[in-house]
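**Student:** Take this structure, written in structure tokens, and hold onto it; I'll ask about it next.
The values are calculated or read from the model by the stated rules, or taken from the named source; none is laboratory data. Remember, it's a predicted structure, so these values are computed and weren't measured experimentally. Note: ideal-geometry Cβ built from the backbone for every residue, glycine included; neighbour counts use all protein chains shown.
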Amino acid sequence: MAREYRIVVLPGDGIGPEIVEAALEVLDALQEVSGDFRLSYSFHQGGAGHYLATGEPMGRETMEAIRASHAALKGPVGLPDVRRQDGTEAGLLGGVLRVGLDLYANVRPISLLPKVRSPLADVEPEGIDYVIVRENTEGLYLSRGVGLVTPQAAADTLLLTQLGCERIVRFAFQLSLKKHRGAPEDGRRRVTLVDKSNVLRSFAFFRRIFLGVAEEFPEVHSECLYADAAAAALVDRPGHFQVIVTENFLGDILSDLGGATVGGLGFCPCANIGEKHA
């Protein structure tokens, strides 16, 4: 008897419906050829168009449907001109899904593939091979849409918790042990915390937790770098890194920097991972 899998489909905005339609054709072809499984689709709306119609990026019933399904297929969402009164883009689903499903780890491998030329001089394909791990449910992005905005000033909050820091750091060390090899430079298994603890108390808090968790993994080398120094090192010493762990906002910037050294973010797929969902 063929297994049945429930799939929530979110066509999204702009080119989203076109992309999702093509993806569904591929899935339909797979289940027809295989014969071992059957896919049932449940279509829902979310994104900028849904925000314009309802004032929210996605309905509560859609999140409940996602939790009750085996998987969700989401097209690109967001439209440049759809924004909140504070000027930020409205109708995005990334944060909604990450927080709603507790996908606390954003994991992005940065590897230089064969036949791809890096803009960095004299870098061989084996010379760049590390992973950036970002805490996905806290940090500066958590304040999106809830910060203080007045005609004279604007403020956002960077929130980090002990639970959030401990689990993302532990995830990074466990990933270091699972990787097939250490850092290209010296073969060492190494987890690097990137922060600005010299300036911000929240990052000093993060660093204290990092150093405590690091003691649980004596076989993995641990180190801390300020974000500006880390950005420079990703350019002049990319082979030094194996796993980088950091707060979401900093990790977002470093991901684009790292991606540029290996041909662009198109060569660097990422995963959002939690305890129960991914």
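**Student:** So which of ALA29, ALA72 ends up being small (Gly, Ala, Ser) and assigned to a helix (DSSP H, G or I)?
**Tutor:** Details: ALA72 fails: assigned to a helix (DSSP H, G or I).
Just one listed residue meets the conditions, ALA29.
**Student:** Collect the residues in the range 240-259 that are under 12 Å from the mean Cα position of the chain (by Cα) and either part of a strand (DSSP E or B) or at pLDDT below 95 (or both), keeping them in residue-number order.
**Tutor:** Initial filter on the range 240-259 (under 12 Å from the mean Cα position of the chain (by Cα)): 245-256.
Matches in the range 240-259: VAL245, THR246.
**Student:** Suppose we filter VAL146, VAL213 for residues that are modelled with pLDDT under 95 and either in a strand (DSSP E or B) or farther than 13 Å from ASN248 by Cβ (or both); which single one remains? Step through it out loud before you land on a result.
**Tutor:** Values: VAL213 fails: modelled with pLDDT under 95.
Matching residue, one of VAL146, VAL213: VAL146.
**Student:** Kindly check whether there is at least one residue in the range 92-107 that is in contact with a Cys (Cβ under 9 Å, 6 or more places away or on another chain), not small (Gly, Ala, Ser) and not in a helix (DSSP H, G or I).
**Tutor:** Within the range 92-107, one or more residues are in contact with a Cys (Cβ under 9 Å, 6 or more places away or on another chain), not small (Gly, Ala, Ser) and not in a helix (DSSP H, G or I).
**Student:** Could you tell me which numbered condition VAL107 fails, if it satisfies all but one of (1) in the same structural domain as GLY47 (by TED's automatic domain parsing); (2) farther than 21 Å from ILE15 by Cα?
**Tutor:** All conditions pass for VAL107, except number (1).
**Student:** For residues in the range 1-16 being surrounded by fewer than 13 Cβ atoms within 10 Å (Cβ to Cβ) and in contact (Cβ under 8 Å) with a residue 12 or more places away in the chain, which is nearest to GLY59 (Cα to Cα)? Let's see the steps before the verdict.
**Tutor:** Going residue by residue through the range 1-16, those that are surrounded by fewer than 13 Cβ atoms within 10 Å (Cβ to Cβ) are 1-4, 15.
Filter once more, so that each one left must be in contact (Cβ under 8 Å) with a residue 12 or more places away in the chain: 2-4, 15.
Values: ALA2: 32, ARG3: 29, GLU4: 25, ILE15: 21 Å.
Result: ILE15.
**Student:** A follow-up question, please. Within the range 89-118, how many residues are more than 25 Å from THR161 (Cα to Cα), surrounded by fewer than 20 Cβ atoms within 10 Å (Cβ to Cβ) and out of contact with any strand residue (DSSP E or B) (no Cβ under 7 Å at 6 or more places or on another chain)?
**Tutor:** Summing the residues that are more than 25 Å from THR161 (Cα to Cα), surrounded by fewer than 20 Cβ atoms within 10 Å (Cβ to Cβ) and out of contact with any strand residue (DSSP E or B) (no Cβ under 7 Å at 6 or more places or on another chain) in the range 89-118 gives 6.
**Student:** Is there a residue in the range 157-176 that is in the same structural domain as GLN242 (by TED's automatic domain parsing), out of contact with any helix residue (DSSP H, G or I) (no Cβ under 8 Å at 6 or more places or on another chain) and modelled with pLDDT under 95?
**Tutor:** Quick first cut of the range 157-176, residues in the same structural domain as GLN242 (by TED's automatic domain parsing) only: 157-176.
Narrowing further to those that are out of contact with any helix residue (DSSP H, G or I) (no Cβ under 8 Å at 6 or more places or on another chain): 161, 163-164, 167-168, 171-172, 174-176.
If we keep only those that are modelled with pLDDT under 95 too, we end up with none.
Checked against the condition, which is being in the same structural domain as GLN242 (by TED's automatic domain parsing), out of contact with any helix residue (DSSP H, G or I) (no Cβ under 8 Å at 6 or more places or on another chain) and modelled with pLDDT under 95, the range 157-176 yields no hits at all.
**Student:** When you scan the range 224-263, how many residues do you find that are in contact (Cβ under 8 Å) with a residue 40 or more places away in the chain, over 15 Å from ALA172 (Cα atoms) and charged (D, E, K, R)? Spell out how you get there, then give the answer.
**Tutor:** Residues of the range 224-263 in contact (Cβ under 8 Å) with a residue 40 or more places away in the chain: 235, 237-252, 254-255, 258-263.
Going one step further and asking which of them are over 15 Å from ALA172 (Cα atoms), we end up with 235, 237-240, 249-250, 252, 254-255, 258-263.
Applying the additional criterion that residues be charged (D, E, K, R) yields 237, 252.
Summing the residues that are in contact (Cβ under 8 Å) with a residue 40 or more places away in the chain, over 15 Å from ALA172 (Cα atoms) and charged (D, E, K, R) in the range 224-263 gives 2.
**Student:** Criterion first (among the aliphatic types (A, V, I, L, M), modelled with pLDDT of 95 or more and in contact with a helix residue (DSSP H, G or I) (Cβ under 6 Å, 6 or more places away or on another chain)) does VAL199 satisfy it?
**Tutor:** Working: among the aliphatic types (A, V, I, L, M): yes; modelled with pLDDT of 95 or more: yes; in contact with a helix residue (DSSP H, G or I) (Cβ under 6 Å, 6 or more places away or on another chain): no.
Against the criterion (among the aliphatic types (A, V, I, L, M), modelled with pLDDT of 95 or more and in contact with a helix residue (DSSP H, G or I) (Cβ under 6 Å, 6 or more places away or on another chain)), VAL199 does not qualify.
**Student:** Which one is surrounded by the fewest Cβ atoms within 10 Å (Cβ to Cβ) among residues in the range 50-60 that are in contact (Cβ under 8 Å) with a residue 12 or more places away in the chain and either among the acidic types (Asp, Glu) or assigned to a loop (DSSP other than H, G, I, E, B) (or both)? Working first, answer last.
**Tutor:** First, pick out the residues of the range 50-60 that are in contact (Cβ under 8 Å) with a residue 12 or more places away in the chain: 50-52, 57-59.
If we keep only those that are either among the acidic types (Asp, Glu) or assigned to a loop (DSSP other than H, G, I, E, B) (or both) too, we end up with 57, 59.
Details: PRO57: 24, GLY59: 14.
Taking the candidates together, the pick is GLY59.
**Student:** Among (1) outside any helix (DSSP H, G or I); (2) more than 25 Å from the chain's Cα centre (by Cα), where does ARG6 come up short?
**Tutor:** The single condition ARG6 does not satisfy is (2).
**Student:** Specify which of the listed residues (ALA154, ALA121) is assigned by TED's automatic domain parsing to the domain that holds LYS196, hydrophobic (A, V, I, L, M, F, W, C), surrounded by fewer than 19 Cβ atoms within 10 Å (Cβ to Cβ) and more than 26 Å from THR261 (Cα to Cα).
**Tutor:** Working: ALA121 fails: more than 26 Å from THR261 (Cα to Cα).
Answer to the selection: ALA154.
**Student:** Hey, another quick one. From the set of residues in the range 124-148 that are among the hydrophobic types (A, V, I, L, M, F, W, C) and out of contact with any helix residue (DSSP H, G or I) (no Cβ under 7 Å at 6 or more places or on another chain), which is farthest from ALA90 (Cα to Cα)?
**Tutor:** Applying the first criterion (among the hydrophobic types (A, V, I, L, M, F, W, C)) to the range 124-148 yields 128, 131-133, 140, 142, 146, 148.
Add one more test, that the residue is out of contact with any helix residue (DSSP H, G or I) (no Cβ under 7 Å at 6 or more places or on another chain), and what stays is 142, 146, 148.
Numbers: LEU142: 15, VAL146: 13, LEU148: 17 Å.
Only one residue tops the list, namely LEU148.
**Student:** Got at least one residue in the range 180-196 being surrounded by fewer than 20 Cβ atoms within 10 Å (Cβ to Cβ), under 21 Å from the mean Cα position of the chain (by Cα) and either under 26 Å from GLN242 (Cα atoms) or not assigned by TED's automatic domain parsing to the domain that holds SER222 (or both)?
**Tutor:** So far as the range 180-196 goes, yes, one or more of its residues are surrounded by fewer than 20 Cβ atoms within 10 Å (Cβ to Cβ), under 21 Å from the mean Cα position of the chain (by Cα) and either under 26 Å from GLN242 (Cα atoms) or not assigned by TED's automatic domain parsing to the domain that holds SER222 (or both).
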